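The values are calculated or read from the model by the stated rules, or taken from the named source; none is laboratory data. Here the structure is a predicted model, which is why all the values come from computation and not from measurement. FYI the Cβ positions are ideal-geometry reconstructions off the backbone, even for glycines, and counts take in every protein chain you see. These area figures cover heavy atoms from the full protein model, side chains too; ligands, DNA and RNA do not enter into them. Shrake-Rupley method; radii C 1.70, N 1.55, O 1.52, S 1.80 Å.
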Amino acid sequence: MRPRYRGYPTRKFGAVATAGEKDLTAMLRTLSAHLDANRYIFGKVSCQESSSAAALSALGGLGVAPICTFLEEEGLTVILKEEELVKLRALPNFDYIETPFSRLSLEVHSSLEAVGLTAAVSARLTGSGISANVVAAYCHDHFFVQSERAEEALEAIMGMADDACKSESR
């Protein structure tokens, strides 16, 4: 008999691994977040889709290691540490937003199939007037907020677990 797994089964070096929590109530009850000490910049390297590998290679050649890249029609979006920005300013096909962002990583292993976690956190931040850019990675969701509001955003997210526990006990 085949074992049952919570979450969508995935392969990890030949073994089946679970892909995280799907139950929104369970995720909210245990929700916590980590504020990364680094500040990040969002930028774009203009390139054709066929030259995205060349753009990545050019970044590597400059000693830049983005924490995230995403290929769009307009170019290669990069999220990189603020201190790496100086290495890219000379690139003629590089644009960036000057506003620094801080990364809040949710410390719950949410499934990529989970419904509602991103919406719930986004709604909480929206209620506080905080803009958020979300990256859903394999194990965790990461919210990039304006650095000047990072502590406030962290407090808002951390309060969600308390609220979930209070509403459940009613």
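Which one is surrounded by the fewest Cβ atoms within 10 Å (Cβ to Cβ), of the residues in region 93-116 that are in contact with a Leu (Cβ under 8 Å, 6 or more places away or on another chain), of a type outside the set (S, T, N, Q) and over 19 Å from GLU152 (Cα atoms)?
VAL115
Within the set of pairs 6+ apart or on separate chains, which have a first residue in region 70-82 that is among the small types (Gly, Ala, Ser), a second that is part of a loop (DSSP other than H, G, I, E, B) and surrounded by fewer than 21 Cβ atoms within 10 Å (Cβ to Cβ), and C-beta atoms under 9 Å apart?
GLY75/SER46; GLY75/CYS47; GLY75/GLN48; GLY75/ASN93
Please state which of the following conditions LYS166 fails to meet, knowing it meets all the rest: (1) open to solvent by less than 60 Å² (accessible area, probe 1.4 Å); (2) of a type in the set (D, E, K, R); (3) closer than 22 Å to ALA26 by Cα.
It is condition (1) that LYS166 fails.
Out of region 111-162, which residues are among the acidic types (Asp, Glu) and touching a residue at least 40 places away in the same chain (Cβ under 8 Å)? Outline the logic, then answer.
Taking region 111-162 and keeping what is among the acidic types (Asp, Glu), we get 113, 141, 148, 151-152, 155, 162.
Scanning region 111-162 gives GLU113, GLU151.
The rows are residues; the columns are (1) of a type in the set (D, E, K, R); (2) within 27 Å of ARG149 (Cβ to Cβ); (3) touching a Pro at 6+ places or on another chain (Cβ under 6 Å); (4) at pLDDT below 90.
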| position | (1), (2), (3), (4) |
| --- | --- |
| ALA37 | no, yes, no, no |
| SER46 | no, no, no, yes |
| GLY61 | no, no, no, yes |
| PRO66 | no, yes, no, no |
| ALA90 | no, no, no, yes |
| ASN93 | no, no, no, yes |
| PHE101 | no, yes, no, no |
| SER110 | no, yes, no, yes |
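Tell me which of these LEU24 doesn't satisfy, since it passes every other one: (1) closer than 29 Å to GLY159 by Cα; (2) out of contact with any strand residue (DSSP E or B) (no Cβ under 7 Å at 6 or more places or on another chain); (3) at pLDDT below 95; (4) open to solvent by 90 Å² or more (accessible area, probe 1.4 Å).
All conditions pass for LEU24, except number (4).
Out of the residues in region 117-155 meeting the condition of being open to solvent by 40 Å² or more (accessible area, probe 1.4 Å) and among the polar types (S, T, N, Q), tell me which one is farthest from the chain's Cα centre (by Cα).
So, considering only residues that are open to solvent by 40 Å² or more (accessible area, probe 1.4 Å) and among the polar types (S, T, N, Q), the one farthest from the chain's Cα centre (by Cα) is SER128.
Residues checked against (1) open to solvent by 40 Å² or more (accessible area, probe 1.4 Å); (2) of a type in the set (S, T, N, Q); (3) assigned to a helix (DSSP H, G or I):
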position	(1), (2), (3)
SER57	yes, yes, yes
ALA65	yes, no, no
LEU71	yes, no, no
VAL78	no, no, no
GLU83	yes, no, yes
LYS87	yes, no, yes
